[in-house]
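Notes follow the structure.
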Amino acid sequence: MKPRSMNREVAQASDAGVALWRRIADDLERAIADGTHPAGSRLPGETEIAERFGVNRHTVRRAIAGLAERGLVRATRGSGTYVAAQRIAYPISTRTRFSEIVGTKGYAAGGRMLAGTMEPADTATAARLNIAPGESVVRIDALRHADKIAICIATTWLPGRRFAGAERIYASVRSMTKTLARFGVSDYRRRSTRILTAAAEATDAAHLGLAPGRPILLVDSVDVDDAGRPVLATRARFAADRVEFVVGTEA
């Protein structure tokens, strides 16, 4: 058994350590609040912060983790830690278009296709698209940005008979609206939307620049053409600290 005096020393050292990382976190929070580190800017590196406060990098990491837990900063693997931007108000309505929504908020919309393929529809996807299970569907996985900040990853399925080759078109135009237009679908509307919460899986977390297990918002939706036929079934995974959904009936 350790002497009681040693236990007190360990407790005191532990208390001092907690106070130290909190002091660093508070200092960084003040710098964010007064605009020294504006939204979207990169924080100084761990080594620079550690040298400034005369601590080790583990203490700095704990301070930054505390800020991340409160949604004030976000870590991007291989790039650094950035001050979190204000959440984008994202309407969920009868006409929901990522590029239009992001553009009207003053951000530059962007993105890229991560994967595109043909695959047999599982039972759930077939029901959403009103086709037979096992029938071919085009699957497109895409990452979407606002001012180069990753906002969401979307997996979209389209009926294969009607939209064969859609993945190749999307890879070129990077727009679902433009892709559908190539097949004669001039407009489409949201038929249903279901919003859930979940923890980010490793692959999604890496693409979104999140730590695995961080909260995300899942949006399952079905869009139909003017005749009411399903054209898209989508599951989008949004970084929960970068958007706020506004539910309405008009875009």
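Meeting the requirement of 2 or more residues that are of a type in the set (Val, Ile, Thr) and assigned by TED's automatic domain parsing to the domain that holds residue 210, the strands (runs of 3 or more DSSP E) wholly within segment 109-169 are 136-146, 149-159. Note on segment 73-98: among residues that are under 22 Å from residue 205 (Cα atoms) and over 15 Å from the mean Cα position of the chain (by Cα), the one that is surrounded by the fewest Cβ atoms within 10 Å (Cβ to Cβ) is 78.
Residue 31 passes every criterion in (1) under 22 Å from residue 206 (Cβ atoms); (2) in a helix (DSSP H, G or I); (3) at pLDDT below 90 apart from (1). For segment 99-118, give me each residue that is surrounded by 13 or more Cβ atoms within 10 Å (Cβ to Cβ) and among the charged types (D, E, K, R). Result: 100, 105. The residues of segment 234-250 that are part of a strand (DSSP E or B), of a type in the set (A, V, I, L, M) and closer than 21 Å to residue 203 by Cα, listed by number, are 236, 239, 243. Scanning segment 120-144 for residues that are of a type outside the set (A, V, I, L, M, F, W, C) and over 25 Å from the mean Cα position of the chain (by Cα) yields 120, 122, 123, 130, 133, 134, 135, 136.
The values are calculated or read from the model by the stated rules, or taken from the named source; none is laboratory data. Quick caveat: nothing in here was measured; it's all calculated off a predicted structure. Positions of Cβ are generated from backbone atoms using ideal geometry, with glycine treated the same way; all protein chains shown enter the neighbour counts.
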